[in-house]
């Protein structure tokens, strides 16, 4: 009898872990300051280096989707990770619904992933908190404009999140 109970418990545990989805949410890497009036700048050299570091960190995480906004800096931040996973960055536009609408669209895309898959989501200083909340994570404040090294790793089924840093430390804390 105990063998049947242990087997059932093992199957339930295996099913729960197989349905886990992980989402890595980051702010885009450092943007170029070549033209302060440019509302859609590319990444700076430091930003491109940080994007490569990010790709190295998620290399073994079964990344099945890389999502960003329509802005070059989010797409360029996600490109190295997408390329190594054989994917393209999927831009989810910040449109008429604003950042909240974009966060809901990203969350719907993440929920469509298969069990055990990981999504990398690249946002902005003011959209990262909305993205995390739409995915079932805890409240976090907007990121300071000078902060590029924050990484949030969220287990979607449980809402458990860890905050990490990656790459060179940002100028501010």
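The values are calculated or read from the model by the stated rules, or taken from the named source; none is laboratory data. Small disclaimer: the values here were computed from a predicted structure and weren't measured. Neighbour counts run over all protein chains shown; Cβ positions are idealised from the backbone, glycine included.
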**Complete:** Within segment 21-72, the residues that are farther than 21 Å from residue 171 by Cβ, touching a strand residue (DSSP E or B) at 6+ places or on another chain (Cβ under 6 Å) and assigned to a loop (DSSP other than H, G, I, E, B) are 61, 62, 70
**Item:** Flag if residue 81 is in contact with a strand residue (DSSP E or B) (Cβ under 9 Å, 6 or more places away or on another chain), over 24 Å from residue 168 (Cα atoms) and crowded, with 21+ Cβ neighbours inside 10 Å
**Value:** no
**Prompt:** Does residue 81 satisfy being without any contact (Cβ under 8 Å) to a residue 40 or more places away in the chain, within 17 Å of residue 110 (Cβ to Cβ) and part of a helix (DSSP H, G or I)?
**Reply:** yes
**Prompt:** Is it the case that residue 102 is in a loop (DSSP other than H, G, I, E, B), closer than 23 Å to residue 145 by Cα and at pLDDT 95 or above?
**Reply:** no
**Message:** Just to confirm my filter: which strands (runs of 3 or more DSSP E) fall fully inside segment 111-173 and include at least 3 residues that are at pLDDT 95 or above and crowded, with 20+ Cβ neighbours inside 10 Å?
**Reply:** 118-123
